[in-house]
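Asks: Questions regarding the structure given below will be posed in turn.
What follows draws every value from the coordinates through simple rules; no lab data is involved. Given the structure is predicted, the values throughout are model-derived calculations rather than measurements. Note that we place each Cβ from the backbone using ideal geometry, even for glycine, and neighbour counts take in every protein chain shown.
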Amino acid sequence: GESVGLHLPTLSVQEGDNSIINCAYSNSASDYFIWYKQESGKGPQFIIDIRSNMDKRQGQRVTVLLNKTVKHLSLQIAATQPGDSAVYFCAETRMDSSYKLIFGSGTRLLVRP
Amino acid sequence: EAQVTQNPRYLITVTGKKLTVTCSQNMNHEYMSWYRQDPGLGLRQIYYSMNVEVTDKGDVPEGYKVSRKEKRNFPLILESPSPNQTSLYFCASSPGESLHEQYFGPGTRLTVT
């Protein structure tokens with residue numbers, strides 16, 4: 001069935017190290033893949049997106065990689081900071097379906113001082 | 001300040017007592033949506049609206065109603081709440097041309113006893 005999922009529920013990294021959060025998807029018809037960050041007690045916040053015809057996109061300290069061959073999406077955070085501690089969700093949209101944003105179940109990132 | 005607001009933020013109610021959770025955005029966004037967030041299930045879309053007077057079901061619409069009489073408001077109505085609707089609810093909005101980049105409200109935690 002259609003799904004957007006995550007390999008690891010919790011990721012613990014040392015402050016200053018790079019973080020890599022992974023996501024697997026099963027639907028090849030997705031148009032956009034998106035990463036959201038959710039801090040405790042807040043709503044999700046858009047981080048970065050990548051269109052399905054791209055392999056890589058960089059933002060400020062973040063990079064998203066898309067491997068369509070193995071249907072894998074990753075979010076790389078450079079020089080992880082305590083403020084990066086949050087739950088990260090991957091999501092996908094398909095413009096041919098009813099304009100839905102479908103979320104994965106999330107990965108919690110813990111940054112050790 | 002550009003934002004999505006929800007009220008109330010917390011609500012405890014009893015089974016069968018009708019309630020409405022309001023959502024308002026000040027960004028003139030065409031698209032608005034409601035999600036519920038449950039542990040281990042991520043965010044699931046309840047209803048969405050592409051514009052005024054246009055609403056559609058998401059993945060979990062049963063037991064909910066919405067209306068979009070004005071562009072800025074998108075209330076979520078529970079006609080007869082049940083305990084399985086205990087959840088954390090998020091409203092979101094986005095410009096029509098960027099449906100994947102959604103702006104989320106702070107959330108409403110609902111408990112139905």
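Asks: I need the phi-derived Karplus couplings for the range A:52-63: 6.51 cos²θ - 1.76 cosθ + 1.60, θ = phi - 60°, integer Hz, Gly and Pro marked x.
Replies: In residue order, the calculated couplings are 5, 8, 10, 10, 8, 8, 10, x, 7, 6, 10, 9 Hz.
Asks: List every residue whose amide H lies under 5 Å from the amide H of A:L110, counting only residues 5 or more places away in sequence or on a different chain, with H placed 1.01 Å from N in the peptide plane.
Replies: Here the answer is A:L11, A:S12, A:V13, since their amide H atoms fall under 5 Å of that of A:L110.
Asks: Based on a Kirkwood Rh over C-alpha pairs, give the Stokes-Einstein translational diffusion coefficient of the protein assembly as shown at 20 °C and viscosity 1.002 mPa s in µm²/s.
Replies: For these conditions, the coefficient is 119 µm²/s.
Asks: Which ³J(HN,Hα) values, rounded to whole Hz and listed in residue order, are derived for the range B:96-105 from phi using the Karplus coefficients 6.51, -1.76 and 1.60 in 6.51 cos²θ - 1.76 cosθ + 1.60 with θ = phi - 60°, glycine and proline given as x?
Replies: x, 8, 9, 4, 7, 9, 9, 9, 9, x
Asks: I need to check one value: relative contact order of chain B, counting alpha carbon pairs closer than 8 Å and at least 6 residues apart, in percent. Mind showing how you got there, number by number?
Replies: On the way: 300 pairs, mean separation 40.4, N = 113.
Relative contact order for chain B comes out at 36 percent.
Asks: For the range B:61-68, what does the Karplus curve 6.51 cos²θ - 1.76 cosθ + 1.60, with θ = phi - 60°, yield as ³J(HN,Hα) per residue in whole Hz, taken in order and with x for Gly and Pro?
Replies: My calculation for the range B:61-68 gives x, 4, x, 10, 9, 9, 8, 9 Hz in order.
Asks: For the range A:20-113, taking Cα atoms only, what is the radius of gyration to one decimal and the Dmax to the nearest whole Å?
Replies: 13.1, 45
Asks: Hey, another quick one. Hey, got the dipole for the protein assembly as shown? About the Cα centre, +1 on K and R Cβ, -1 on D and E Cβ, debye to the nearest 20?
Replies: Dipole about the Cα centre, nearest 20: 380 debye.
Asks: Next question. Can you pull the percent of Cα pairs in chain B with separation above 24 Å?
Replies: 17 percent
Asks: So which lysines can A:K71 reach, going by Cα to Cα under 28 Å and dropping same-chain residues fewer than 8 places off?
Replies: Those lysines meeting the cut-off are A:K37, A:K56, A:K100, B:K57.
Asks: Further question: For a 21 Å ceiling on Cα separation, which of these pairs sit above it: B:K18/B:K65; A:K42/A:K68; B:K17/B:K65?
Replies: Violating the 21 Å Cα-Cα cut-off are A:K42/A:K68.
Asks: Across peptide B:41-54, how many C-beta atoms of other chains are within 10 Å of each residue C-beta, on average?
Replies: Per residue, the number of nearby Cβ atoms from other chains is 3 on average.
Asks: In Å³ and rounded to a whole number, note down the convex hull volume per residue for the Cα atoms of the range A:5-48.
Replies: Working: hull volume 5.1 nm³, N = 44.
So the per-residue Cα hull volume is 115 Å³.
Asks: Something else about it: Which FRET efficiency, nearest 0.05, do B:R9 and A:N22 yield, Cβ-Cβ r, R0 22 Å? Don't jump to the answer; show the numbers that get you there.
Replies: Numbers: r = 33 Å, r/R0 = 1.49.
Taking R0 as 22 Å, the efficiency between B:R9 and A:N22 is 0.10.
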